[in-house]
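Participant: Attaching a single structure in structure tokens format; questions to follow.
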Amino acid sequence: MLEIANLSKVYKTGDKALIEVDLSVPKGQIMGLIGPSGAGKSTLIRCINRLVEPTSGKVLLGDVDLVQLSNRSLRSQRRRIGMIFQEYSLIERLTVMENVLSGRLGYVPFWRSWTRRFPSQDIQRAYQLLDRVGLLEHCDKRADALSGGQRQRVGIARALTQGPELLLVDEPTASLDPKTSRQIMRLLTEICTERNLPAIVNIHDVPLAQQFMQRIVGLRAGKIVFDGHPKALNEETLTAIYGEEDWNPSREEAEL
Amino acid sequence: MSEISHYSQLWHHRTPRTRLLMWIGWLALIALFVWCWQLMNRETIWFFVADAPRQAADIGNRMWPPRWEYLPELLMPLWDTINIATIGTIGGVVIAVPVAFLAASNTTPSARFLRPIALFIIVTSRSINALIWALLLVAIIGPGLLAGMVAIALRSIGFVGKLLYEAIEEIDPLQVEAVTATGAGRAQIINYGIIPQIMPAFWGISVFRWDINIRESTILGLVGAGGIGLKLQGSLNTLAWGQVTVILLLILCTVVVSEWISAKLRHAII
Amino acid sequence: MRPSDAYPNYWRKPPQILTHRQWRIGIQLAILAYLILAGASIEVDWQRVAMGLERGQRFIMGFLQPDFSSRWRDISQGLIESLTMTLTSTVIGVIISVPIGIGAARNLTPRPVYLVCRGIIAVSRALQEIIIAIFFVAMFGFGPFAGFLTLSFATIGFLAKLLADDIEEIEPGQADAIRATGATWWQLINYAVQPQVMPRLIGLSLYRLDINFRESAVIGIVGAGGIGATLNTAIDRYEYDSAGAILLTIIVIVMLAEYGSGYIRKLVQ
């Protein structure tokens, strides 16, 4: 489904964030991306929908190379990629419904989005998704009136409204407490399975990644240093990803 | 370092060098002040200055009691003044919004060409007082309310534009990123990602400027741009000091009321 | 999961500010009525405006091709008056506003002093510079001396108020700590208040210097000296190229003052 080949990103400052990364994600696979801060996780997923412009390489979604696209066609390709953010990135001062409908912005003409008159099937779909994430009765509340977990649910609903073929998820639980984190991860994986959606999930909580991911890719200093089943993560591979550290306590927790 | 005598006997707040610089700075300021004072007063006639208390007493006598019968005549000009301020503010805000978007570094379509132009418009408008704009406009389009409104609008562009573009530059970029990721177009990104974030600032700034504009529009009549200032000018020219008192008191009331309204409105917004 | 057509296909954003329907409609109607009435109050003499367009064009040309030379004597005289009165009035204004500002701080002064100082501030702030200038010109005669007094008076109201508000907001802990050492009132001011308020006072003085220059360009219109008088004459004589030159000078000086004061403020803090 998604093919990344030789992808590199060098920032203006000269920092090499990604060095010739090759990665492929098949349909329906939920892949966790782990690695220390600054390893390039966030850059990698932002290079896929070109919120960050890659320096070189290929990003094939289906058979479209996203790197080569002009701005206009990039916009229509971005509709195929749903994104979920660490700080939820909701439009705080708009209602929950407007936030969910904003997922349709790539499909509707400007006047519809300006007057908030979205097509009726978009509205039905938005209601359906709000029901799916359990927020139907909150649809007219302002986003900043919701709790963290609820906001992330709105973020998920917004990404799904796009009707995406791929989900990019950037640290979805970094701002949430452990229980809510698990609820959100469960919801995400259920939805991906329901829809046979592939997802790339940036995550720095290793136990959480092992609990919910089907595959783990470890990134270190812009290079992939691990790629395999969550069970294959052990002291040795964690050291390869994060560097020398006593991993045992965290391993025990993970087995609980 | 066991001997205490090693330390200086005197404790100083600053190092000698900075103290010296500070003294030089203060001396320079005093010298500059004296020089300016002499330059300014080259043509001052000190006899008139000495005479001022007598003049003040004289004016005070003429101003009191206020000529209250004059009040009804002032109501129409007061209405005009409020209209100048309100419509002028609306006009200024309408122009200031696109200027602010051109001037904000995160929304400007061209940082090299359009942004400097927008910034220049803002600086020009801010540097020149509404009364000077009115002076110019009365000369160009003739005396009347229109000149006053346009003057207020021109002065408001810079004020609203500056505060608004600073607000645009301070928005949360993550929300914009999220809207961009959905495949939204440029106008949609502004509509969903930016406008909701700057709305409170926008209303606050506009109401604040309206309050200032009420104050400024009371005097635009001095140069012929309509409103209660015309009456002030007329009364001053005919030395009708009793009427001047009434006008000033009315202006004072208007300003207090508009300040109260603007405080209430801003409180309601935030 | 229910099929999507089981859900409503209609959604309108609920009103956010005025949630009560009648109020909302009422207020919208009131605004509309006001705009119509206010619009009707403008009487425009279109013939005069059409005539003005040509003048407006000449003014814009004058702005683009300013003429500094033919009125240079008047311009430089006006500028000198403006600049000198800006500086002297700011200095005097600051010097006077410091005691008044301290007097108007509730946490430092007895009630009667507080009321008197707040009264002075209120009077100074309520009256606009131009109105004060009219009175000072009537009392002290034409020229920059009246302008100097006007700006000084306005500076007092502006600075003393901000200073007093600042002092009222200083951390009480620090003042108490100094009081606890048995310090006198003067020592209290010197040790607890001054260090906290000083940088801000310098910043505000520079800001006021900037405002005073702008105002000095205005009060000349009523005879209080400065570049405003020159500008008034130029516009009265329809010499738009000289007027353009004066306006450009004002803009440039304001810009320089803004950058300069920003620089000095950074240096001080």
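The values are calculated or read from the model by the stated rules, or taken from the named source; none is laboratory data. Small disclaimer: the values here were computed from a predicted structure and weren't measured. Every residue, glycine as well, gets a Cβ built from its backbone with ideal geometry; the counts of neighbours run over all protein chains shown.
Participant: Does the stretch A:222-233 contain at least one residue that is in contact with a Pro (Cβ under 9 Å, 6 or more places away or on another chain) and hydrophobic (A, V, I, L, M, F, W, C)?
Facilitator: No, because not a single residue in the stretch A:222-233 is in contact with a Pro (Cβ under 9 Å, 6 or more places away or on another chain) and hydrophobic (A, V, I, L, M, F, W, C).
Participant: Now a separate question. Of the numbered conditions (1) surrounded by fewer than 20 Cβ atoms within 10 Å (Cβ to Cβ); (2) within 14 Å of chain A (Cβ to nearest Cβ), residue B:178 satisfies every one except a single condition; which is it?
Facilitator: (1)
Participant: If a residue must be of a type in the set (A, V, I, L, M, F, W, C) and either within 14 Å of chain A (Cβ to nearest Cβ) or surrounded by fewer than 19 Cβ atoms within 10 Å (Cβ to Cβ) (or both), how many such residues does the stretch B:208-235 contain? Steps first, please.
Facilitator: Initial filter on the stretch B:208-235 (of a type in the set (A, V, I, L, M, F, W, C)): B:208, B:210, B:212, B:214, B:219-220, B:222-223, B:225, B:228, B:230, B:232.
Narrowing the set further to residues that are either within 14 Å of chain A (Cβ to nearest Cβ) or surrounded by fewer than 19 Cβ atoms within 10 Å (Cβ to Cβ) (or both) leaves B:208.
Summing the residues that are of a type in the set (A, V, I, L, M, F, W, C) and either within 14 Å of chain A (Cβ to nearest Cβ) or surrounded by fewer than 19 Cβ atoms within 10 Å (Cβ to Cβ) (or both) in the stretch B:208-235 gives 1.
To keep it simple, each residue is scored yes or no on (1) among the hydrophobic types (A, V, I, L, M, F, W, C); (2) part of a loop (DSSP other than H, G, I, E, B).
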residue	(1), (2)
A:37	no, yes
A:53	no, yes
A:60	yes, no
A:76	no, no
A:87	no, yes
A:103	no, no
A:114	yes, no
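Participant: Let me ask something additional. Taking the conditions exactly as written (surrounded by fewer than 24 Cβ atoms within 10 Å (Cβ to Cβ) and free of Cβ contacts under 8 Å to residues at least 24 places away in the same chain), does residue C:184 satisfy them or not? So that I can check it myself, show each step before the final result.
Facilitator: Values: surrounded by fewer than 24 Cβ atoms within 10 Å (Cβ to Cβ): yes; free of Cβ contacts under 8 Å to residues at least 24 places away in the same chain: yes.
Yes; evaluated as a whole, the condition is true for this residue.
Participant: Follow-up. Which is touching a Ser or Thr at 6+ places or on another chain (Cβ under 9 Å) and within 18 Å of residue C:231 (Cα to Cα), of B:79, B:133?
Facilitator: Numbers: B:79 fails: within 18 Å of residue C:231 (Cα to Cα).
Just one listed residue meets the conditions, B:133.
Participant: Can residue A:113 be described as small (Gly, Ala, Ser), facing chain B (nearest Cβ under 9 Å) and surrounded by fewer than 24 Cβ atoms within 10 Å (Cβ to Cβ)? I'd like the intermediate steps shown before the answer.
Facilitator: On the way: small (Gly, Ala, Ser): yes; facing chain B (nearest Cβ under 9 Å): yes; surrounded by fewer than 24 Cβ atoms within 10 Å (Cβ to Cβ): yes.
So residue A:113 fits the description; yes.
Participant: Step by step: first the residues of the stretch A:78-103, then only those that are polar (S, T, N, Q) and modelled with pLDDT of 90 or more, then the one that is surrounded by the fewest Cβ atoms within 10 Å (Cβ to Cβ). Which residue is that?
Facilitator: Among those residues, the one meeting the criterion is A:95.
Participant: Go through the stretch B:236-270 residue by residue and tally those that are free of Cβ contacts under 8 Å to residues at least 40 places away in the same chain and either over 18 Å from the mean Cα position of the chain (by Cα) or farther than 20 Å from residue C:138 by Cβ (or both).
Facilitator: Applying the first criterion (free of Cβ contacts under 8 Å to residues at least 40 places away in the same chain) to the stretch B:236-270 yields B:236-238, B:248, B:251-253, B:256-257, B:260, B:263-264, B:267-268.
Filter once more, so that each one left must be either over 18 Å from the mean Cα position of the chain (by Cα) or farther than 20 Å from residue C:138 by Cβ (or both): B:236-238, B:248, B:253, B:256-257, B:260, B:263-264, B:267-268.
Looking only at that region, the number is 12.
Participant: Tell me which of these residue C:200 doesn't satisfy, since it passes every other one: (1) surrounded by fewer than 24 Cβ atoms within 10 Å (Cβ to Cβ); (2) at the interface with another protein chain (Cβ under 9 Å from one of its Cβ atoms); (3) not in a loop (DSSP other than H, G, I, E, B).
Facilitator: Answer for residue C:200: the failing condition is (2).
Participant: Also: If I go through the stretch C:100-126 residue by residue, how many of them are assigned to a helix (DSSP H, G or I) and over 25 Å from the mean Cα position of the chain (by Cα)?
Facilitator: Initial filter on the stretch C:100-126 (assigned to a helix (DSSP H, G or I)): C:100-103, C:111-126.
Right, trim to over 25 Å from the mean Cα position of the chain (by Cα) and you get C:111-113.
Total satisfying the criteria: 3.
Participant: Can you work out which of the residues in the stretch B:128-175 that are part of a helix (DSSP H, G or I) and within 14 Å of chain A (Cβ to nearest Cβ) is farthest from residue C:38 (Cα to Cα)? Spell out the reasoning first.
Facilitator: To start, the set of residues in the stretch B:128-175 that are part of a helix (DSSP H, G or I) comprises B:130-141, B:145-169, B:173-175.
Still in the running and within 14 Å of chain A (Cβ to nearest Cβ): B:167, B:173-175.
On the way: B:167: 31, B:173: 40, B:174: 43, B:175: 40 Å.
The residue in question is B:174.
Participant: Can you give me the number of residues within the stretch A:116-145 that are small (Gly, Ala, Ser), within 27 Å of residue A:195 (Cα to Cα) and either surrounded by 18 or more Cβ atoms within 10 Å (Cβ to Cβ) or more than 9 Å from chain C (Cβ to nearest Cβ) (or both)?
Facilitator: Step one: list which residues in the stretch A:116-145 are small (Gly, Ala, Ser), which gives A:120, A:126, A:134, A:143, A:145.
Adding the requirement that they be within 27 Å of residue A:195 (Cα to Cα) leaves A:120, A:126, A:134, A:143.
Restricting the remaining residues to those that are either surrounded by 18 or more Cβ atoms within 10 Å (Cβ to Cβ) or more than 9 Å from chain C (Cβ to nearest Cβ) (or both) gives A:126, A:134, A:143.
Residues flagged as small (Gly, Ala, Ser), within 27 Å of residue A:195 (Cα to Cα) and either surrounded by 18 or more Cβ atoms within 10 Å (Cβ to Cβ) or more than 9 Å from chain C (Cβ to nearest Cβ) (or both) within the stretch A:116-145 amount to 3.
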